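Below: the structure, in structure tokens.
The values are calculated or read from the model by the stated rules, or taken from the named source; none is laboratory data. Here the structure is a predicted model, which means the values were calculated and not measured. Cβ coordinates were reconstructed from backbone atoms using ideal geometry, including for glycine residues, and neighbour counts include every protein chain displayed.
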Amino acid sequence: MAVELVRIDDRMIHGQVITTWVNKFNIEQILVVNDVVVNDPIQKAGIMMTAPSNIQIRIFGVDELLSLLKKTEIKKRTLIILINTDDALRLAKNGLSFQVLNLGGLRAKENSRRFTKAIALNDQDVENLKEILSRGIDIQIQMIPKDELIYFKDLIEKEMEK
């Protein structure tokens with residue numbers, strides 16, 4: 001499988017993704033995976049407009065991608081972008097094999113608390129990420145490749161010490 005990076009970023013495709021992550025991993029295609037986005041023509045059109053001409057962009061619902069993965073292997077160097085921890089956990093539990101989950105940006109929402117400048121999580125997000133960790137997937141927080149790498153596991157351990 002040619003999945004180079006799985007990233008949660010609620011801004012989806014934007015300048016940082018295109019100018020840094022795509023170049024770092026020599027990405028050939030970006031898969032945006034979310035059940036709401038796949039059914040929203042306005043969001044889909046916005047995503048397609050942000051795509052560079054040399055990168056193929058495809059948008060899937062979670063179950064749609066999982067079904068496709070049962071039939072075919074991803075062969076292009078691929079970046080998968082998710083917008084929430086629920087979708088990441090569903091993919092991890094149901095057949096997408098990946099070793100690292102990159103957290104790039106999750107804005108504050110109701111009942112969330114800030115873990116880093118760009119990451120705000122509610123209790124459900126934390127539980128989802130703990131379950132992903134329990135599956136042997138490393139969770140790294142890094143906006144762009146040159147930023148300091150923060151390990152989610154370390155943040156959780158510090159929080160538990162308080």
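Across the range 11-34, the qualifying residues are those that are surrounded by 15 or more Cβ atoms within 10 Å (Cβ to Cβ) and charged (D, E, K, R), and the one among them that is farthest from ASP147 (Cα to Cα) is GLU28. Of these, LEU96, LEU5, LEU103, which one is within 15 Å of the chain's Cα centre (by Cα), assigned to a loop (DSSP other than H, G, I, E, B), hydrophobic (A, V, I, L, M, F, W, C) and surrounded by 15 or more Cβ atoms within 10 Å (Cβ to Cβ)? Of LEU96, LEU5, LEU103, the one residue that is within 15 Å of the chain's Cα centre (by Cα), assigned to a loop (DSSP other than H, G, I, E, B), hydrophobic (A, V, I, L, M, F, W, C) and surrounded by 15 or more Cβ atoms within 10 Å (Cβ to Cβ) is LEU96. Quick one: is ALA108 part of a strand (DSSP E or B), of a type in the set (Gly, Ala, Ser) and touching a strand residue (DSSP E or B) at 6+ places or on another chain (Cβ under 9 Å)? In short, no. Checked against (1) under 14 Å from the mean Cα position of the chain (by Cα); (2) on the phi > 0 side of the Ramachandran plot, ASN26 meets all criteria but (1). Taken over the range 131-148, the criterion of being part of a loop (DSSP other than H, G, I, E, B) and either modelled with pLDDT of 95 or more or not aliphatic (A, V, I, L, M) (or both) is satisfied by ARG135, GLY136, ILE137, GLN142, PRO145, LYS146, ASP147, GLU148.
Just one of the numbered conditions (1) among the charged types (D, E, K, R); (2) surrounded by fewer than 15 Cβ atoms within 10 Å (Cβ to Cβ); (3) modelled with pLDDT of 95 or more is not true of ASP87: (2).
Which count do you get for residues in the range 44-57 that are buried (at least 16 other Cβ atoms within 10 Å of the Cβ) and either assigned to a strand (DSSP E or B) or free of Cβ contacts under 8 Å to residues at least 12 places away in the same chain (or both)? Counting residues in the range 44-57 that are buried (at least 16 other Cβ atoms within 10 Å of the Cβ) and either assigned to a strand (DSSP E or B) or free of Cβ contacts under 8 Å to residues at least 12 places away in the same chain (or both) gives 1. Considering the range 106-126, the residues that are of a type outside the set (A, V, I, L, M) and surrounded by 13 or more Cβ atoms within 10 Å (Cβ to Cβ) include one that is nearest to LEU96 (Cα to Cα), namely ASP125. Look at (1) part of a helix (DSSP H, G or I); (2) in contact with a Leu (Cβ under 7 Å, 6 or more places away or on another chain); (3) free of Cβ contacts under 8 Å to residues at least 24 places away in the same chain; (4) not basic (Lys, Arg) and you find that ALA120 fails only one, number (1).
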